[in-house]
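The values are calculated or read from the model by the stated rules, or taken from the named source; none is laboratory data. Owing to the predicted nature of the structure, the values given are computational and were not obtained by experimental measurement. All Cβ positions, glycine included, derive from the backbone under ideal geometry; neighbour counts span all protein chains shown. Quick note on the areas: whole protein, heavy atoms, side chains included, nothing else; ligands and nucleic acids left out. Shrake-Rupley method; radii C 1.70, N 1.55, O 1.52, S 1.80 Å.
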Amino acid sequence: MRPPELPPLPALTRAECQVIDAYLEVVDALGRINPARGEHTYSRLRAAQALVVKAAALRDALTLMHERGESELHSTTMATALRVLDGERRSSLVGLPPAPPRAGGGAA
């Protein structure tokens, strides 16, 4: 069985594409840094080091948009692009994982 067709990516300017790509790279790095997920420090250290570069790329993409006169982000279009690019799953890794069930099931 083939996976379901993804919806098409909305029409974006090159600068908007760069913002989306850079934003998702920052989100991915934050997800890898998240101390509530995983057990090892070295991979989180590497992700934290990479975050600086990825955040600078996001800043540069937003600067480029501003310099080109693109002064507004169309949040609905950007949200659609993020969803198509698996942004919901990727950004969920930044937050806390679900709490494990409590033993005994009673209130504390």
So, in nm, how far is label Gln49 from label Leu12 when the simple model puts each one 7 Å beyond its Cα toward the Cβ?
2.9 nm
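Counting other Cβ atoms within 10 Å, which GluC sites (Glu not before Pro) in segment 19-108 have at most 10 and lie in a DSSP loop?
Glu39, Glu72
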At what distance in nm do the modelled label points of Leu85 and Ala103 sit from each other, each positioned 7 Å from its Cα along Cα→Cβ?
4.4 nm
In a shell of Cβ-Cβ distance under 11 Å around Glu16, excluding Glu16 itself, what net charge do Lys and Arg (+1) and Asp and Glu (-1) give?
-1
Could you work out what % of the accessible surface of the chain is carbon and sulfur, using a 1.4 angstrom probe and leaving DNA, RNA and ligands out of the count?
60 percent
With N residues in segment 1-41, Rg(alpha-carbon) / (2.2 N^0.38 Å) equals 1.71
Within 15 Å, Cβ to Cβ, of His40, how many net charges do the neighbouring residues add up to if Lys/Arg are +1 and Asp/Glu are -1?
+3
Give me the 1.4 Å probe accessible area per residue for the chain, excluding ligands and nucleic acids, in Å².
74 Å²
Using the C-alpha gyration tensor of segment 16-83, what are the square roots of 5 times its eigenvalues, in whole angstrom, with the largest one first?
27, 14, 6
